[in-house]
Every structure is written in C-alpha cells, then in structure tokens.
1. Given chain A, what percent of its DSSP beta bridges are antiparallel, to the nearest 5?
2. Taking the alpha-carbon set of chain B, what are its Rg and Dmax in Å?
3. R0 = 25 Å: FRET efficiency of B:His221 with A:Gln83, Cβ-based, nearest 0.05?
4. Roll a 1.4 Å probe over the protein chains and send me the accessible area per residue for segment B:1-135 in Å².
5. Could you give the distance between the Cα centres of segment B:249-297 and segment B:70-91, to the whole Å?
6. Kirkwood hydrodynamic radius, computed over distinct alpha-carbon pairs, for segment A:27-179: how many Å, to one decimal?
7. Using a Debye calculation, one point per C-alpha and no hydration shell, please list log10 I(q)/I(0) for segment A:259-305 at q = 0.22, 0.27, 0.29 Å⁻¹ in order.
8. Protein chains only, probe 1.4 Å: how do B:Arg296, A:Arg107 rank by accessible area, largest first?
2 protein chains.
Amino acid sequence: MSIVAVGSVAFDTIATPSGRVENILGGAATYFSLAASYFTDVRVVAVVGEDFTAEHENVFHQHRIDTRGIEHAKGKTFRWGGQYLDNLNEAKTDFTELNVFERFQPRIPREYLDSKFLFLANIHPTLQAAVRLEIYGVRLTGGDTMNYWIQRTRTELGETLKLINVLLINDNEAKMLAAEKNLPRAAQKVLSMGPQALVIKHGEYGATIFFREGAFGIGSHPFRAPALPIEEVTDPTGAGDSFAGGFMGYLASQPQLNREVLKRALFYGGVMGSFAVERFGTERLQSLTREEIEARFQVFRELTHLE
Amino acid sequence: MSIVAVGSVAFDTIATPSGRVENILGGAATYFSLAASYFTDVRVVAVVGEDFTAEHENVFHQHRIDTRGIEHAKGKTFRWGGQYLDNLNEAKTDFTELNVFERFQPRIPREYLDSKFLFLANIHPTLQAAVRLEIYGVRLTGGDTMNYWIQRTRTELGETLKLINVLLINDNEAKMLAAEKNLPRAAQKVLSMGPQALVIKHGEYGATIFFREGAFGIGSHPFRAPALPIEEVTDPTGAGDSFAGGFMGYLASQPQLNREVLKRALFYGGVMGSFAVERFGTERLQSLTREEIEARFQVFRELTHLE
C-alpha cells in the first residue's frame, strides 16, 4: 500500500575520510523515499527552491515516487554542510541554511489522502500532528524527531506522540525524551507517551524494537536486529532515514501487521541503512535491486542465527 | 574438560546508583571462574593476602573450583574502588591498591598441567605467555588484555598474541590495538597478529566474533550476539570477565570446536554477563542454576530470531 513521506529535501555538502562532495541531493524525505521505494509506492511531501531541477526530480521519478507533494517555492533549497572526519558515528555540522524549508507548511495533495501508511520525518511536531490529522484514514504512522524538538517543544511533541504508532529515534534521543539513562526503562517511558512500538537505533550496533504490552501481539519482549559490521563506510549521512524507509516500506508492503512482520521490518531497516552508507549521498540507494536487498537480508539473518 | 583461569582475585569497593558495597570478593579470575563453573571444571591461579579467609575460598569450593593454584602471600589482597554513579557503562576508579598482586608470579600446580583449556585474564603479557608455555598440552587459549598493556608493553603483547587462540577485548581496546577506528578493519588487523578468532565486546549492545579466514570452519563472516536490554543493572563490575567465563566455559564443555559452537559460546557469554550485573559483585553468579542459564539462553536466542 502507498506510503506518504513528509520531511526535508536538501542539498548536502559532506566531507568524510573517503572524500568530499558538494550540493548533492539529500534530506530525510529523499533518503526515506528512495529506501522505501524498493518495497512499496511512495508519495513525498516536501518543499524545494528554484535550484531544484527536473534532473533532481527525476531521481524520484525513476523510483516511481509521486512528487506531486513537492512544493516549488521561491528561493533556495535547504542546504546542509557537515563532516565526519574524526568520527564516522557523529556529524559535525559546518553550516545549516534552512532557506525555503524555514517556512515549510506541508501541503498534502488530494490524491495522497487515501494513503494507509505515513512517515513523519524530523520536522516541527505541530506540523507532524497536522499532517497526521489531515490524512485521516491512515492505518499506521511512523515518526522521527530529534533533540532540538525534545528540548524546545516538549509539550507539542507530547501531543504528536499520541498520534504516532511507531516512533523511530536513536539512543540519545530516547534517553533525553524519557529523562532516563537506562535504555529499557527509557523505552517504557516513551511507550507510555503514546506509541505502540518504539524503534531505538543504535548506529553500528543495530536497533531494538520495544512493544507496548499487547500491541501488535502478545507480551512485551523487545526484539533486536544487528547491524552489519561494515568495513567501508563512505558516508553515514541518511543512514537513519534509510533505515526508516526500509522499515516502513516493508511494513506498507505487508497484508498484516504483527510482531513477526515488525521484526522482519527491523532487519530490512538495517539492510537499507547498510547500503546507504556505502556511497556518498543517495548514490547507492538509487541503484539497488530487490535481489541485492534480499541477499543482504539473508546475511543479516545469518549474522545472529544459531542452528 | 578442565579449564585453568589465571588472573586477579580482589576485594572491591563499589558505588552505583543502586547502592554501595565495601571490600566484597571480586577480581577477573573470580568472576571468570564462577561463570565458567556452570559449564565445566575450573582451576584457578591467583594470589591473595592474609585477609583472604576460608570463607572467601569457600565461595570457590561451593562451585567445585580447584583453588590449589591460589597462592597465599604475606600482605593484603589486591583492592580496587570504583563508581558508576554517572555512567553505568564505564567505571570511574577511586583507588587501586595492588598489594600482593603487584608481584604476582603465576605458579601452576602440577595437577593443572593436563588442562586442555586456558584463560589468561588481564595481567602482564609476559606473564600470560609464560603460563601458556608452561601448560604445554593446551588445546585452546583465551585471553584478555587492556589499554594499559597495549600502550606500555606493545612488543611483549605482540608475542603473547601469537600464543592466544581467541582474544576477548572491547571496542576501544580493539581499535587501540589495531590503531584503526573502523571496527571490522581493526578486527582484521588484530587477527593478523595471531589469534584465530577475536571476540569484541560491545557492552550493552552484545558482542561480535570475527574469524581468521579458515579458522574453526569455512569463510570469514563475523557473527554477532545481542545483549539483553536490562532494566535493572545493579553493578556492572565483572560483566566482561563473566562474559569470558560463560564463553570459555561453554567451549571447554564441548567435544568439538567449530563455528557453530563458538557462536553458541558467544550467546552463553552474553547470558553470564547479563546475570552478573543484576546484583553487586559475584552475588548473582554464586546462586544460579543451569536451568536459569538455559532459560535466558532461549530469551537471547528469541531476541534476534526471525521465524
């Protein structure tokens, strides 16, 4: 079934030990959409400036991503510059130019309103909530957030969390959101704020999904998917959004949503994140095949599988 | 088959958010021996002072651990004080009194010389090598080390690594030893120094085992075991040594050593580490049953198992 992705489209300037690239296509909605497009139909909602060309839009179209929700505004597209020269696990931001993204008001095309899956990338929680309420028939909503919103808009974020079924954040965000350093206890606190499931991304160590008691099945046991130890990390940018794209895209492709499906989705999230970091920007995500994805899924599975 | 454990016996003073304990029985050899004792016969080599009483020795005897290799020297036993008040993942050392441990010269009782498994806990690499050469008929040697030896005795450690079959260290130690920040590349470098297999412990994220090409089976794919998300971490002291005890103890109990056995051993390592942290010191390791261990092994297995 179709999934709507709402978030940023950006031009990134990135330096890593492998090299440097300037103004390449990026942004959470871009990584998410490309990763999810291998599993299901994707509809994107974003805003771009006059520097966003037909060639850029074609990257989406080549993956059958519906771009009617990309608003073309006057001015420049969101630009971000960062480096991972000392630490591949954490970006050091060089500059952030919000440009047209500063006044982003997601406009949902009428044709998107029958969508059953929704992913709210990292934007102001009030905008996230408004989109969720507008696409009223949605079956499952995934969402992201970040330290910035947790610190500055805690009340608004609290309201949005009641509308999100699966929240996908990293360790530090979970601990900050819960004001609790112990991860499983932090997870329980976050689940009590609204989501039925919480995916905590551990970077190179994989991800854990925590379920609210009774949600998507019986019990409250967490489940953990590993990350592949990768020798050649070229560019970590977008790994988390690609993870979310694999996770949500797989869910949207399934007739049923139960714990086994969510567990498999967690593995597919790891698979798409592991591909994303192999090349700069979205390069690797643009050229995958479903066969390559399935082959890596098997590698991930064998990575922790006892006979 | 019997396993010999060589390392420290200590009295620890520990403060964690759960409370504070003074001069409780600890030390790498103690945690290792207790954890391994649930799988096989253990023989310990260590040095203690006059403050080490029959009551302390009885903790070992209750687990049928052979203590003929514990030397009783004049003076006080090794004492360590540390706290985990801000961060349960890393101890802040308050004091270290080496006492009799400063002049530790492992003396291997004649009765231990037929042992087929050996674990060299974190001591001077030259002492590790001497023990390994003395117990000449050993089938598999596991070893630990730490930043202190990597920085100060790199040459000696290099010689010792040629005698160790499975090295068990944490992420930072592996990166420092290899002078390489990328973990899989660091692992390959460490394997080129001697060990057939390298276990890298990731703390709350589990552990990964890397194999030298062709060692213990075909191929060079790594394998990853998760750690259980634990809500109540009372005291992290000894988690790594308990992991090693579960890992090596399980290996010593098996008729064959192949990759599947080493993978299962990695899970048993995680199981024993997860028990260790539930209570202060060795309390939880003293009171386990094999049934509890098997039940948690199943929980670990299900934690990453896709149907």
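The values are calculated or read from the model by the stated rules, or taken from the named source; none is laboratory data. Remember, it's a predicted structure, so these values are computed and weren't measured experimentally. Neighbour counts are summed over all protein chains in view; Cβ atoms, including those assigned to glycine, are modelled from backbone coordinates with ideal geometry. Accessible surface is based on the protein model in full, side chains and every heavy atom, while ligands, DNA and RNA are left aside. Shrake-Rupley method; radii C 1.70, N 1.55, O 1.52, S 1.80 Å.
1. Numbers: 19 of 49 bridges.
In chain A, DSSP labels about 40 percent of beta bridges as antiparallel.
2. 17.9, 58
3. Efficiency at R0 = 25 Å is approximately 0.20.
4. Values: 5950 Å² over 135 residues.
That works out to 44 Å² per residue.
5. 23 Å
6. 16.7 Å
7. Summing over Cα pairs of segment A:259-305 leads to -0.77, -1.02, -1.10.
8. Numbers: B:Arg296 45, A:Arg107 155 Å².
Of B:Arg296, A:Arg107, the descending order of accessible area is A:Arg107, B:Arg296.
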